[in-house]
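Every number here is computed from the coordinates shown, using simple stated rules; none is lab data. Bear in mind that the values here come from a model prediction, so they are computed numbers and not experimental data. Here Cβ is always computed from backbone atoms with ideal geometry, including for glycine, and neighbour counts include all displayed protein chains.
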Amino acid sequence: MIADSELPTARGGIALSTGATAALIALLTGAVCIALTPLVPWLVKFPDAWALPAAEWIGISLTWFLDLIKPAMRVFSALMAYPMDSANTLFTGMPWPLMIGFVTALGWYIGGLPMAALGLVGLGFVLATGYWLEGMATLALVAVSVPLALFMGAAIGILANEFPRFKSAIQTVLDVMQTVPTFAYLTPLLFLFGFGPVVGLIASAIYAAPPMARNMILGLERVESDIKEAAVMSGGTRLQQLFLIEIPSAKTQIMVGVNQCLMAALSMVIIAAVIGGFKDIGWEVLLTMRKAYFGPSLMAGMVIVIFAMIIDRYSSKLASDRIRHSLRVAVAIAMIGVIVAVASWQSLPDPSAITLLDPVSDWLDAGLTGFLRENGAGLDGLKNGAMFYGLLPLKIGLDGAVLPFTWGFQWTGGMSTALYATAAAAGLALALRGKATLGIVLVIVVGIIETGLAELPWPFVLVGAGAIGWVSGGRKLATFAVVMLALVLFSGLWERALLSLYMSGAAVFTCAIVGGGIGLLCAVSPLAWRFVLPICDMLQTIPLFVFLIPVLMFFQIGEFSAFLAICLYAIVPMIRYTRHGLINTPEEMIEAAVSSGATEWQTMVEVRAPYAAPTILLGLNQTILYAFAMLVIAALIGTTGLGQSIYGALAQADVGLGIASGAAMAILALVADRLVQGFAEERRQALGL
Amino acid sequence: MTSQTGSGEPAISCRNVWQVFGPNAKTKLADALAKAGGDSDAAARDLRDQGLIPAVQDATFDVHPGELFVIMGLSGSGKSTIVRCISQLLQATGGEILIEGENLVDASKARLIELRRRKLGMVFQHFGLFPHMTVTENVAFPLKMQGQGKAERMKRALEVIDLVGLKGREDSFPREMSGGQRQRVGIARSLAVNPDIWFLDEPFSALDPLIRRQLQDEFINIQATLKKSIVFITHDIAEALKIADRIAIMRDGKIVQIGTPTEIVLKPVDDYVREFSKDVVKGRHAKVASVMKPAEGVNSSGPGLRQDMTLEAALASCISHYDPVPVLCGEGHVVGVVDPADLAAALQAEET
């Protein structure tokens, strides 16, 4: 990363570029820390006595505050129970032919045959699994939380637009809200509202409002100034301008917000199932997963995926298409549903009793057991290999992970010295060839691998983050990174933060390599993209929770499963952005390269890749944020670190620990986000974009 | 389109209008003016040094009733800003803007809305059509703001749509139309409330040359019957010379010259203005009247020059004459003489 920003003025090893200077400072800090470790152990491990009991303080003050507003909130909760109960009665009580008829009719109206078919087949599948009632309970929660979220989001967006003074503040809050992990919302809400579905409802409304607000702001911003001025000159009042002209003009963007809001609400409703109290589909997944009934668990997961797909495709169709299909056909379809419902009023089978797919589920279970029995050794080998030769050294370093038991020999001090000497020689060679930054970074990377991410000396982490910040965004960003990380350091959550950093770092690194490779492949071969695109679409539609099912099936609980789940989820943006960046090089630049006699590969390396760098960096940024989001969910199946603290806090209703860990997680995500954005911005400016 | 020197109140009157962008523009402008002792150039320099942007500097001019006043300049010269000051889309930082004697700078929000609903119309460079409304709904929108009933405003909308030649496209959406057609909708919408004052901000700049000329001709015809008081913004000197009664030329926020097309072409005040008119065929824009001398007892026989002929045409018809040639007015009386040498000299004036 540092090598990217090497200034063209760097000449050999004498005049050091900003990047080289920053890297050198970080290197020296690390070296000093390692050298002094035997003398001053607190350089590596931050003494507990120095940490402030942030979790306790937050807990005490927050509990006091929450206690203060609790009565009002309980009243609110009691009020919310009415719409929620009615929605629940409506959705679960409605005869299923009626529901399927309505959804299919709606599909026809907004998207013709494909959408109608999606609705019919999808809900048909849900019915066949026997999870109809649980599914409807989930939908009922979404149906209540989404209007709340839409209203809040739209109101926030409009306020930000009308009072530009608050806009940047509001946008910062929205940023933070989207980086705070989902579980962290739940603990204080649990405290306020008590156990029950209201918590899920509120959490999902809060979680789903920011995307709506963002798109509202963006949409209103992007209304052409000529259109806004024409509305003024027509003599409209401000309200008339806003509601008759600006909002309708921004409709497309706002509908994108509605789509994202719906997906976020669904995702959160399912996550909120971990607190239980509502017989919905997320709870069903969790229950079956805990009992290791993978067949039913997969079925329930499929139900969630189908809901997500129907909601996503319907609402994005609504956003992109202006054409509506025949209302008459839609009404006819709905009428068929009504007629079937009325005709079979008494004889409708109870949807829970439908077991059409139970054989499939049993067969899946049996098949899986058989598969595991036969390939168990291979899977274990894969898992252990990745653990012992990849994850573990990254976590605790070569000095800790290389043992006779796994590697066949014991790591010794001599080996460390030899490794460092080799790295230093290679680094020096690079420096002498004019690549000082690269050389220093090489030595640093070797040092990190030898030490292990989770055992890095804290001064080195702070200085390193500051150095990266300095290179990517100047003094201001460096200060931001150091201060934010220092907050985590003093909060007493440092060790857990390093563990989280290791897990997400490993996943992000893997995603960057694999995802970047797939993105490159897709950029070169449209055929590959035809296969990868639907998979990417699928992976992005699936709520986070469902990713846990397949990895659990094959690899049981543990860090490797968590790692895989994070990778599965976080790889998508890397693929998409890499391909997008590489594909969208201006035609003229490629023509210029070709007419200069460049081969296809040369065009890729010399022209497309540099031009795509800012876009690819943005993809990396998204991947990092996705990884952090998933990290918390993955705590359910075996990660240590902050995610586990957040989840644990939820179980113990420990508001302080929950919020402090959530904040620490958000800080890590924010710092990573700003650092990468800084590099992307620097590249964009260098390219004059 | 004769120049109207018109007596009585001007339709629009700008008095020392400033538009300064930047923090605390108002106080900083007042300070700078006080310090410079009324020297606007010094004040503008001072503001620039402080990092502010004086987009319009001390603009003063009148637009007479029924006059077509063109403001012309390169991009960034402040011409679009000044029309936004007059229409109050921007609040001027300093100075007075009077519309039929009423100072808009002091006007309340409600009064501005009232004025926009009754008196002012505006056409935008990129049309500013509402994408979610049909042609008719777009055109009828200002009438809806007035509070007119649906039947009434549809009737009026159809009238204006007919006027701009879009009959038959009433139910189309903007996205289904070409650029030229979209701007016709924009023009129709701005005329729907029958405003007295009409702002056009580079209305034809986004159109291709053929369509542009066609719309210019139609615009001239519409104005010939409607006689609005117009502020027309353009960066195209040929367009300005073709349609204007008077032209104001702007540079870096400052009006450098105001004059009739002939004056701009024949008597540019500085190199900047001269540069603009360099590529213009002068003979096509300057009139005989501009080089005419008083008649001293000449008879009316001659090649029959008229005072509203262009120099080019005049020179062609008296190419064989060496003595002063009489010039006739519309009714055929002698109003002055022209020396063919002066005609030739006027055409050459810019070359020196």
Residue by residue through segment A:582-592, which ³J(HN,Hα) values in whole Hz follow from phi under the Karplus form 6.51 cos²θ - 1.76 cosθ + 1.60 (θ = phi - 60°), with glycine and proline marked x? 6, 6, 8, 5, x, 3, 4, 5, 5, 4, 4
Check: C-alpha center segment B:98-170 vs C-alpha center segment A:207-252, spacing in Å is 19
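If you place +1 on the Cβ of every Lys and Arg and -1 on the Cβ of every Asp and Glu, how big does the dipole about the Cα centre of chain A come out, in debye to the nearest 20? Present the calculation step by step, with values, prior to reporting the outcome.
Values: 34 positive and 39 negative charges, 142 e Å.
Once rounded to the nearest 20, the dipole reads 680 debye.
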Taking the Cα centre of segment B:46-128 as the origin, how large is its charge dipole in debye, to the nearest 20, when only Lys and Arg (+1) and Asp and Glu (-1) carry charge on their Cβ atoms? 500
Quick one: net charge of B:Gln216's neighbours, Cβ under 9 Å, K/R +1, D/E -1? 0
Out of the chymotrypsin sites (Phe, Trp or Tyr not before Pro) in segment A:395-455, which ones are loop residues according to DSSP with at most 12 other C-beta atoms within 10 Å? A:Phe405, A:Phe409
Between A:Trp42 and B:Asp323, with labels modelled 7 Å along Cα→Cβ, what's the label distance in nm to one decimal, could you check? 11.5
With contacts defined as alpha carbon pairs under 8 Å and 6 or more residues apart, what's the relative contact order of segment A:333-464 in percent? 22
Take chain B, compute every pairwise Cα distance, and split them into 10 Å bins from 0; I just need the percent in each bin. 5, 21, 27, 24, 15, 6, 1
For the protein assembly as shown, with +1 on Lys and Arg beta carbons and -1 on Asp and Glu, the positive-most of A:Ile518, A:Ile323, B:Pro174 along the dipole: A:Ile323
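Which residues make up the longest stretch of chain B that has no GluC sites (Glu not before Pro) in a DSSP loop with at most 11 other Cβ atoms within 10 Å? The partial results should precede the final answer.
Details: sites that count: B:Glu296, B:Glu331.
Of all site-free stretches, the longest is B:1-295.
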In deg cm²/dmol and to the nearest 500, what is the mean residue ellipticity at 222 nm of chain B if only DSSP H runs of at least 4 residues count, each as -39500 (n - 2.57), divided by the residue total? -11000 deg cm²/dmol
For segment A:544-615: relative contact order, % (alpha-carbon pairs under 8 angstrom, 6 or more apart): 30
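Using a Förster distance of 25 angstrom, determine the FRET efficiency expected from the C-beta separation of B:Arg274 and B:Ala344, and round it to 0.05. Intermediate results must be reported in sequence, preceding the final value.
Details: r = 19 Å, r/R0 = 0.76.
FRET efficiency, B:Arg274 to B:Ala344: 0.85.
Greater than 23 Å separation of Cα atoms is the criterion. Which listed pairs, B:Lys28/B:Lys109; A:Lys70/A:Lys279; A:Lys228/B:Lys227; B:Lys267/B:Lys293; B:Lys242/B:Lys267; A:Lys167/A:Lys251, meet it? Write out the running numbers ahead of the final one.
Details: B:Lys28/B:Lys109 25 Å; A:Lys70/A:Lys279 25 Å; A:Lys228/B:Lys227 28 Å; B:Lys267/B:Lys293 17 Å; B:Lys242/B:Lys267 17 Å; A:Lys167/A:Lys251 20 Å.
Long pairs (Cα-Cα over 23 Å): B:Lys28/B:Lys109; A:Lys70/A:Lys279; A:Lys228/B:Lys227.
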Post the alpha-carbon centroid distance, segment A:29-98 to segment A:639-656, in whole angstrom. 8
For segment A:93-101, take each phi angle, set θ = phi - 60°, evaluate the Karplus expression 6.51 cos²θ - 1.76 cosθ + 1.60, and give the result in whole Hz per residue in order, putting x for glycine and proline. x, 5, x, 5, x, 5, 4, 4, x
What are the ³J(HN,Hα) values, in whole Hz, obtained from phi via the Karplus relation 6.51 cos²θ - 1.76 cosθ + 1.60 with θ = phi - 60°, for each residue of segment A:455-469 in sequence order, with x given for Gly and Pro? 10, 5, x, 5, x, 5, 4, 4, 5, x, 4, x, 4, 4, x
So, by mean Cβ neighbours within 10 angstrom, what's the order for A:281-292, A:203-214, A:27-38 with the highest one leading? A:203-214, A:281-292, A:27-38
Within 10 Å of each candidate Cβ there may be at most 15 other Cβ atoms; applying that plus a DSSP loop requirement, which GluC sites (Glu not before Pro) in segment A:194-274 survive? A:Glu224
State, as an integer percentage, the relative contact order of chain A based on alpha-carbon contacts under 8 Å between residues 6 or more apart. 21
Relative to the first principal axis of the alpha-carbon coordinates of chain A, what is the inclination of helix A:494-524, with its axis defined by its Cα atoms, in degrees from 0 to 90 and to the nearest 10? 80
